[in-house]
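Enquirer: Take this structure, written in structure tokens, and hold onto it; I'll ask about it next.
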Amino acid sequence: MDRRTLLKSLVAAGTVGLIPHDAFAAWERVASGLVPTDGLTDAQLARIGAIADMILPRTDSPSATDVGVPAFVNVIVSENYSDAERSTFIADLDELDPDLIDEIEAMKNRRSEPARTYWRLKDLIIHGYFTSEPVMDNVLHYVVMPGKFDGAAAMPVVLQRSNHG
């Protein structure tokens with residue numbers, strides 16, 4: 001089983017129901033077209049896009065950049081990270097070389113740099129990908145509320161027989 005199929009299976013199995021409100025809010029910000037004022041630079045977004053497409057390339061489903069994952073990461077890092085977290089993430093991101101991803105994946109110590117930043121970024125990429133509307137609709141076929149709501153549906157009338165005589 002390849003990595004994408006495994007991830008798709010895990011998400012489809014119910015983990016999507018646990019999506020935090022922050023993911024939906026971040027995607028709403030991305031859809032609004034408003035770019036965070038203290039967001040990532042174009043070069044940083046390109047680096048994130050290159051790494052994201054290495055993790056989730058285009059196959060029979062869209063790639064991470066096809067669904068806008070770099071913009072999602074930008075919103076999360078810019079609006080949800082503290083100033084200290086953001087500064088550290090950006091400094092370490094600038095040192096993260098996409099050509100070394102295979103080496104980082106093989107590292108046993110995930111707490112040292114550049115592995116720590118890579119794994120943090122990978123989590124954001126996967127989370128953003130599987131919470132994006134195109135992936136939820138067209139890949140996972142996830143329906144937030146199955147069925148249809150009919151507020152004017154007739155209620156069945158139940159007649160009860162009286163025991164009083």
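We did not get these values from a lab; they are worked out from the coordinates using the rules stated. Keep in mind the model is a prediction, meaning the values are calculated, not measured. Cβ coordinates were reconstructed from backbone atoms using ideal geometry, including for glycine residues, and neighbour counts include every protein chain displayed.
Enquirer: Amide H of Leu56 versus every other amide H placed in the peptide plane: which residues, excluding those fewer than 5 positions away on the same chain, fall under 5 Å?
Expert: Here the answer is Ala64, since their amide H atoms fall under 5 Å of that of Leu56.
Enquirer: Follow-up. Using each residue's phi in segment 37-42, evaluate 6.51 cos²θ - 1.76 cosθ + 1.60 at θ = phi - 60° and report the 3J(HN,Hα) Karplus result to the nearest Hz, with x for Gly and Pro.
Expert: 5, 10, x, 6, 7, 4
Enquirer: Take Met54, Met136, Met107 and order them by how many other Cβ atoms sit within 10 Å, fewest up front.
Expert: Met107, Met54, Met136
Enquirer: Starting from the Cα-Cα distance between Thr41 and Glu113, subtract it from 0.36 nm times their residue separation and give me the gain in nm to one decimal.
Expert: Extra length available between Thr41 and Glu113 comes to 23.8 nm.
Enquirer: For Glu79, what is the net charge nearby, where nearby means another residue's Cβ is under 14 Å from its Cβ and Lys, Arg count +1, Asp, Glu -1? Don't jump to the answer; show the numbers that get you there.
Expert: Details: positive: Arg29, Arg86; negative: Asp22, Glu28, Asp38, Asp83, Glu85.
Value of the local net charge: -3.
Enquirer: Report ³J(HN,Hα) in whole Hz for each residue of segment 106-114, in order, from the Karplus equation J = 6.51 cos²θ - 1.76 cosθ + 1.60 where θ = phi - 60°; Gly and Pro get x.
Expert: Here the 3J(HN,Hα) series is 7, 5, 7, 8, 8, 9, 9, 7, x Hz.
Enquirer: Taking the simple approach of a point 7 Å from Cα along Cα-to-Cβ for both Glu85 and Asp60, what is their distance in nm?
Expert: Going by the 7 Å Cα→Cβ label model, 3.7 nm.
Enquirer: I would also like to ask the following. Using Cα pairs under 8 angstrom and six or more residues apart, how large is the relative contact order of segment 3-138, in percent?
Expert: The value is 30 percent.
Enquirer: How would you rank 70-78, 116-124, highest first, on the average number of other Cβ atoms within 10 Å across their residues?
Expert: 70-78, 116-124
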